[in-house]
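To start, the structure under review is shown below, and the notes come after it.
The values are calculated or read from the model by the stated rules, or taken from the named source; none is laboratory data. What you are looking at is a predicted structure, and each value in this text was computed from that prediction instead of being measured. So basically every Cβ, Gly included, is an ideal-geometry build from the backbone, and we count neighbours across all protein chains shown. Please note that ligands, DNA and RNA were not included when accessible areas were found on the heavy atoms of the full protein model with its side chains. Shrake-Rupley method; radii C 1.70, N 1.55, O 1.52, S 1.80 Å.
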Amino acid sequence: MKLLLLLGATFSLSLRRTLTHRVNFVFDLAQSIVGIGTVLATTLVIFDRTGALAGWTRPEMFVLIGVFALVSGIRAALIDPSLTKFVGTIRDGTLDEALLRPAPSWFTATNREHAPLALGQAFLGVGILVAGVGGLPAAPGPVNTVVAVILTGCAVAISWAISVMVASLGFWAGRFELAPLTASLWDVGRYPAGVYGSHLRSIVTYVIPLAGMITLPAEALTRPDPLVALPVGLAVTACFVLLSMIMFSQGVKRYTGATS
């Protein structure tokens, strides 16, 4: 509960700062619309030439794109603002401020600021998701919906964990900005894991699950047996979160601070 209160306080402060520049909302929303519109346009072009993409119909792809946009919006609003600047805080010593706060250091160091207006992309994703569900032959049942919500939460958690692991590499390689690598890899999740070859599919589903963590929630809404993917999603999420916290704690031990 304490961490949720701290998260809410940080988000509220970031929102107040953002609202002093309201014109940014227009540009952020326009950027989100262009980005999602490009993905939708590409999908429509594909389905003008084929009836299915790796076994996914047009409405099912809309569901997947909606999940991708939803998680991307949450990521852009709550995860990226702090972690894209993380290596810089290691170099200039300003990480001290986060580590000295009376809360778990992994939380304070990775939640220093947010970008509330980026949630506009998440709302667009919900709209696309609803439209895709509306086009399915049969509406998802309660179990499908609950499992999809849980797996979407897992996707956000895995996204956070991967970003933390990449950012934590800055403790060992402080001169390199590694955040753009995560942003580039994230685009893998735009398409279902099935479009990739068998070996690559295993990598993007289990090793670096950038496609799998988006595909699994979408499959929970579009496939008849959603419970099959739940144990896998929970297990992979637990592994990545644990690994990220281990990497962060080991990196902090190497951190010498601003006064050294």
Which of [x] 1.11; [y] 0.94; [z] 0.99 is the computed Rg/Rh (Cα atoms, Kirkwood Rh)? It is [z]
Counting only the heavy atoms of the protein chains, how much of Trp160 is accessible to a 1.4 Å probe, in Å² to the nearest 10? 40
Vicinal HN-Hα couplings computed from phi for the stretch 79-91 (Karplus, 6.51 cos²θ - 1.76 cosθ + 1.60; Hz; Gly/Pro x): 10, 4, x, 7, 7, 6, 9, 4, 4, x, 5, 5, 5
Hey, what did the chain get for relative contact order, percent, Cα under 8 Å, at least 6 apart? 26
How many Å² of accessible area per residue for the chain, probe 1.4 Å? 50
Please list, ordered by chain and number, the residues whose modelled amide H lies under 5 Å from the amide H of His114; skip anything fewer than 5 residues away on the same chain. Ser14
Okay, helix-only estimate at 222 nm for the chain: each DSSP H run of n ≥ 4 adds -39500 (n - 2.57), divide by all residues, round to 500 deg cm²/dmol; what do you get? -21500 deg cm²/dmol
Quick one: Karplus J couplings for the stretch 147-158, per residue in order, coefficients 6.51, -1.76, 1.60, θ = phi - 60°, nearest Hz, x for Gly and Pro? 5, 4, 5, 4, 5, 5, x, 4, 4, 5, 5, 5
Relative to the longest principal Cα axis of the chain, at what angle does helix 58-74 sit, 0 to 90 degrees, rounded to 10? 10
Could you tell me which residue out of Gly55, Thr215, Thr94 lies farthest along the dipole of the chain toward its positive end? Charges go on the beta carbon: Lys and Arg +1, Asp and Glu -1, centred on the Cα centre. Thr94
J(HN,Hα) series, the stretch 207-219, from Karplus relation 6.51 cos²θ - 1.76 cosθ + 1.60, nearest Hz, glycine and proline x: 7, 10, x, 6, 8, x, 6, 8, 5, 4, x, 5, 5
Given a Förster distance of 22 Å, the FRET efficiency implied by the Cβ-Cβ spacing of Leu200 and Ala131, rounded to the nearest 0.05, works out to 0.15
Would you pull out the residues with amide H under 5 Å of Leu53's amide H, same chain only if 5 or more places away, H placed 1.01 Å from N? none
For the stretch 82-226, the accessible surface attributable to carbon and sulfur atoms (probe 1.4 angstrom, ligands and nucleic acids excluded) amounts in percent to 69
The alpha-carbon center of the stretch 181-242 and that of the stretch 50-81 are separated, in whole Å, by 12
Which order do Leu221, Leu40, Leu234 take by accessible area at a 1.4 Å probe, largest first? Leu234, Leu40, Leu221
